[in-house]
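Trainee: So that we are looking at the same thing, I have put the structure below in C-alpha cells.
Every read-out reported here was derived from the displayed coordinates using simple, explicitly stated rules and does not represent laboratory data. All of these numbers come straight from a predicted model, not from anything done at the bench. Note that each Cβ is placed from the backbone with ideal geometry, even for glycine, and that neighbours are counted across all protein chains shown.
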Amino acid sequence: METTLSKLTETRNFINGVFVSGNGNRMDVYSPLDGQKISTVPLSSPQELDAAVQAARAAFPEWSSRTLKERVQVLYKYRELLAKHRDELTEICHIENGKTWGESQAEVDKSIELTEFACSLPQIVSNEIQEVSRGVEVRLDRKPLGVVASIVPFNFPNMVPHWTIPNAIALGNCMILKPSEVVPLSSIRIAELLKEAGLPDGVFNIVNGGKEIVESICDHPEIKAVSFVGSTKVAKIVYQRATSNLKRCVALGGAKNHLIVLPDAHEEMTASNVIASMSGCAGQRCMAAAVMVGVDKVDHIVNRMVEEANKVKPGDTLGSVISKEAKERIEKYITEAEAAGAKVLVDGRNAVVKGKEGGYYVGPTVVDHVTPDMAIAKEEVFGPVISIIRTKSLDDAITIENSSGYGNAAAVFTQSGGAAKEVMERASAGMVGVNIGVPVPREPFPFGGWNDSKFGVCDITGKSSIEFWTQNKKTTVKWNPEARTNWMS
C-alpha cells in the first residue's frame, strides 16, 4: 500500500495554481527521525520569486473585490479539508520535523483552530460610519495591502504557516509563502488543499529556497508586507531589510523563557508542567521553558522534576531535534555548563533510539546550580534542556528574568495571589503564565513577545493581525446641500 512517505519524493514551488520544479538547483531533505532522505527541495532564484509575485498581483484585483464573507467561504471548505486529512497532515509533520505523533496531531488541530478564527473575521471586522458634523458622514473601511509574504521556520511546519495564511488571504491579500528548506513538505499539502477548497490561482503561492529568497522577499518592490518567524539574529536582519525597503514587517525571534518557582508551588503540578514545557516538541519551540528560577527552598520540587524527566523517553514521548548539527550544539551547551560547575541531574546526551540509530535525539536534561553568567542560562539552546538558577527572593528572581534580552514568555508557579500579581506586573515578557508552563494565548487573543523576541508593531495572530494585514480607507461624504457649511465641509 502506498504511504504518505512514499509520495514525498520531490518538493516543488507552487505558482499560479501549478506545481513547478524550479531552476534545477536542489537540496536534499532528511527526516530527523532516522536520518533518511525523504525529499529534495528547490533553491529558487529571485526570478522565480518574481514569477510568483506577478501571479499574485494578477490575482489580487478579483480576489480583493470579493466581500470578506465571500472570501471566507473558501476557508470554511478548507477547514473541513484540514479535518478530513488530519491523519495525513499529522504523518507528514511527524516525518519531516521529528515531533511525536501526538505533538504533530496537536499542531494540525491548532491549524484548524487558526483557520476557524479566520472564518469568524466577518463577525469581527466591521466598517465604521459616523455622522461627524451635521450632514457629513465619515466611513472607515479596512482594505487589503496587496501582495504579502510569510517566511516560516522549521519547528512548526503546519501551524506557523496558519498563523498568517488564513487571516491574510481572508482579508483580501495574495500571499507568497517561503517554508523552511528543511521542512518543506507540509506546505505542499496546504497548497493542494487550498486549491481544492476553491482558492483562485495566484492567491496563494509557495517559493522554496534559502537566504537568497529571504533577501529577495525583503527587497521586492511589489511585496507590501512581510512576516517572519525564526531566530532573533535573522529576525533583526529581516526586519531591518524589509523596513528599509518601506515594507511593513513583523518578525518574531527567539526566546529564553523563565519559569519562577516559589516554595509554596503545588509540587506535582509544577514539576509536570515545567518538564512538559521543557521537553514538548523536543524543546524546539519559542514558548519552551528554558530557565527555572527556584526561589529559596525548592529542592522538593526539583526532586520531583527529576522523577518526571526520567519518564520522558526519546523516540516514544520525546521526538527528535531537527538535525545532527542541532544535536551537537545542544549537547555542547550541557557539557560546557557542567565544566563550569553546574550539576547535571538528568543527562540527555548521547541518546540513541533503537531501530532509529541514525536519528537526531537528545534526551530530557535537567541542569541544576546554573549561574546567570553561563551560556546555557543566557543563550537560546532550543532543545529539551531546563537550567535551574537558585535565588533567595522573588525580587531577585524577577531581576534575573528581566535581565534576559529576550521577552517572549515568563511564568510563575505559586499558590500566592500576591506573588503571582507581582510577576504578572513586572515580568518583561509579552506572554505571562500563572501555574502554566506554556502560556500561549488562544484566539482571539494574539501571539507575540517583547524585546528581542519580536520586532515590529502588531502581533502575528488573533485580532492584532487584522491591523497588520490591512490598511484604513477613510471616506467623508456630504449629501445634504441644506446643511450649514462649516470648517468640516
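Trainee: Under 5 Å between amide hydrogens, which residues at least 5 positions from residue 15 or on another chain qualify, with H placed 1.01 Å from N in the peptide plane?
Mentor: Close amide H contacts, sequence-distant or interchain: 20, 206.
Trainee: Also, I was wondering about something else. For the residues 413, 447, what sequence is obtained by ranking on other C-beta atoms within 10 Å, fewest first?
Mentor: Fewest to most other Cβ atoms nearby, the residues stand as 447, 413.
Trainee: Among DSSP beta bridges whose residues both lie in the chain, state the antiparallel percentage, nearest 5.
Mentor: Restricted to the chain, the bridges split so that about 45 percent are antiparallel.
Trainee: Using Cβ contacts closer than 10 Å as the measure, can you line up 475, 365, 40, 470 from fewest to most? Present the calculation step by step, with values, prior to reporting the outcome.
Mentor: Details: 475 11, 365 28, 40 17, 470 20.
In increasing order of surrounding Cβ atoms, one gets 475, 40, 470, 365.
Trainee: Restricting attention to the alpha-carbon atoms of region 139-275, what are Rg (one decimal) and Dmax (integer), both in Å?
Mentor: In order Rg, Dmax, the Cα atoms of region 139-275 give 18.2, 58 Å.
Trainee: Something else now. Using 0.36 nm per residue of separation minus the Cα-Cα distance, give me the extension gain between residue 329 and residue 211 in nm, one decimal.
Mentor: Result for the pair: 40.4 nm of gain on full extension.
Trainee: For residue 88 paired with residue 140, estimate the spin-label separation in nm (one decimal), with each label point 7 Å from Cα along the Cα-to-Cβ line.
Mentor: With each label point 7 Å from Cα toward Cβ, the separation is 4.4 nm.
Trainee: Please provide three numbers in whole Å: the alpha-carbon extents of region 229-367 along the principal axes, with the largest listed first.
Mentor: Taking max minus min along each principal axis of the Cα atoms, region 229-367 gives 54, 42, 29 Å.
Trainee: Within region 182-225, what residues put their amide N at less than 16 Å from the label point 7 Å along the Cα-to-Cβ vector of residue 62?
Mentor: 195-205
Trainee: Now a separate question. Where does the chain land on Rg(C-alpha)/(2.2 N^0.38 Å)? Before the final figure, lay out each step's value.
Mentor: Working: Rg = 24.1 Å, N = 489, 2.2 N^0.38 = 23.1 Å.
Against the compact-globule rule of thumb, the ratio is 1.04.
Trainee: For a quick check: sort 279, 272 by the number of other beta carbons within 10 angstrom, fewest at the front. Don't skip to the answer; put the middle values down first.
Mentor: On the way: 279 28, 272 17.
If I rank by nearby Cβ atoms, fewest first, I get 272, 279.
Trainee: Once you place label points 7 Å from the Cα toward the Cβ at residue 340 and residue 395, how far apart are they in nm?
Mentor: 2.7
Trainee: Now a separate question. Between residue 116 and residue 300, 0.36 nm times their residue separation minus their Cα-Cα distance comes to what?
Mentor: Additional length available on full extension: 62.0 nm.
Trainee: Helix 68-84 sits at what angle to the longest principal axis of the chain, using alpha carbons and giving 0 to 90 degrees rounded to 10?
Mentor: Roughly 40 degrees between the two axes.
Trainee: Would you compute, from DSSP H runs of 4+ residues alone, the mean residue ellipticity of the chain at 222 nm, taking -39500 (n - 2.57) per run and dividing by the full residue count, rounded to the nearest 500?
Mentor: -12000 deg cm²/dmol
Trainee: Another question about this same structure. Compute the FRET efficiency between residue 201 and residue 101 as 1/(1 + (r/R0)^6), taking r as their Cβ-Cβ distance and R0 = 25 Å, and round to the nearest 0.05.
Mentor: It comes out at approximately 0.15.
Trainee: In addition: Between residue 222 and residue 310, what length in nm is gained on full extension when 0.36 nm per residue of separation is reduced by their alpha carbon distance?
Mentor: Stretched fully, the residue 222-residue 310 segment lengthens by 26.4 nm.
Trainee: Still on this structure, please answer the following. Give the residues of region 294-328 whose amide nitrogen is closer than 20 Å to a point set 7 Å from the Cα of residue 28 in the direction of its Cβ.
Mentor: Residues 321-328 qualify, since their backbone N sits under 20 Å from the label point.
Trainee: Right, next: Give me the one-decimal nm value for the distance between modelled label points at residue 357 and residue 77, 7 Å along each residue's Cα-to-Cβ direction.
Mentor: 5.1
Trainee: In degrees from 0 to 90, rounded to the nearest 10, what is the angle of the helix 417-426 Cα long axis to the longest principal axis of the chain?
Mentor: 60
Trainee: Here's another thing I want to ask about it. Going 7 Å from the Cα of residue 129 toward and past its Cβ, which residues in region 56-96 have a backbone nitrogen under 20 Å from where you end up?
Mentor: Backbone N within reach: 65-70.
Trainee: Please turn the phi angles of region 303-312 into ³J(HN,Hα) values with the Karplus equation 6.51 cos²θ - 1.76 cosθ + 1.60 (θ = phi - 60°), one per residue in order, whole Hz, x for glycine and proline.
Mentor: 4, 5, 4, 4, 4, 5, 5, 5, 7, 7
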